Amino acid sequence: MTAILQVTEQPTAQDYFTPEEYLALEEAAEYKSEYLDGVIIPMTGGTTNHNRISLNMSIALRLALKGLDYDVFMGDVRLWMTKNRIYTYPDVMVIPGKPEYFNNRKDTVMNPQVIIEVLSKSTKAYDRSDKFKFYQTLPTFQEYILIDQSQVYIEQYCKLANKRWSYTQYDEEDEALVFNFFQVEVALADVYEKVDFAAENEPEHEPEESGEA
């Protein structure tokens, strides 16, 4: 889960970081950040619903792909996109065969086939637009899954050919998400197991001020 990126100006020399400087800062940091061509963007904290959905998807895929030549990784594994010079942390990635590590770093991969992002109010526009465009620069990238955490709603993009993608929506709990590039179906009821929509949709309240009469 990340904050929306709104980089409209070139960073100044003071604000610009090399990829090497970012990695050094990231290793020592208490919280994760993303890197966009010189700019470091702190990541927002995840909700319990976000964590449940990511975990549900990871478990379902690990079980379904057990014994097959695939790896499933959650949000602690970083992704490097060379063309746009971006480091990011997808919620879930599926990699066929062996992971391709960037500069032999075992915490940074380059070859996901499937990427799954759990949407939030602050990130959904970015995840659907610019981030999807960035992911498309990866030669191995074939399938993009966007999961809403405030309602039963999943969007699926599958690559058909260069710059051509199919689009499918799922919005019924008795449906199953069908992956195109391996024979796996995941029931939406399993994706959303223990997700509390009521809590997610509660309005945010400012803390009350206390004072003496």
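A few points about this structure:
- Heavy-atom accessible area ranking, 1.4 Å probe, most first, across ASP37, ASP148: ASP37, ASP148
- Zero-based 10 Å bins, Cα pair distances in region 86-175, whole percents: 14, 48, 30, 7, 0
- Taking the helices alone, the chain has a mean residue ellipticity at 222 nm of -5500 deg cm²/dmol, built from -39,500 (n - 2.57) per DSSP H run of at least 4 residues and averaged over all its residues.
- The chain: radius of gyration and largest Cα-Cα distance (Dmax), Å: 18.4, 69
- For region 41-64 versus region 115-171, the gap between their alpha-carbon centres in whole angstrom: 15 Å
- Think of a 1.4 Å ball rolled over the protein heavy atoms: the chain then has 57 Å² of accessible area per residue.
- Close amide H partners of VAL118, meaning residues 5 or more places away or on another chain with modelled amide H under 5 Å apart, are ASP91, ILE147.
- Reachable lysines from LYS133, criterion Cα separation under 19 angstrom, eight or more residues apart if same chain: LYS83, LYS124, LYS159, LYS163
- Cα convex hull volume per residue for region 75-116 (Å³): 66 Å³
- Here LYS106 is the anchor, and the lysines within straight C-alpha reach of less than 19 Å, apart from those fewer than 8 places off in the same chain, are LYS32, LYS98.
- Rounded to the nearest 20 debye, the dipole magnitude of region 76-174 is 820 debye, with +1 charges on Lys and Arg beta carbons, -1 on Asp and Glu beta carbons, and the Cα centre as origin.
- From the Kirkwood radius over Cα pairs of region 43-115, Stokes-Einstein at 10 °C and 1.306 mPa s returns a whole-number translational diffusion coefficient of 123 µm²/s.
The values are calculated or read from the model by the stated rules, or taken from the named source; none is laboratory data. Only a predicted model underlies this, so the values are computations on that prediction, with no experimental measurement involved. Cβ sites come from the backbone with ideal geometry, for glycine too, and all protein chains shown count toward neighbours. When the accessible area is computed, the model is the full protein with side chains, heavy atoms only, and any ligands, DNA or RNA have been set aside. Shrake-Rupley method; radii C 1.70, N 1.55, O 1.52, S 1.80 Å.
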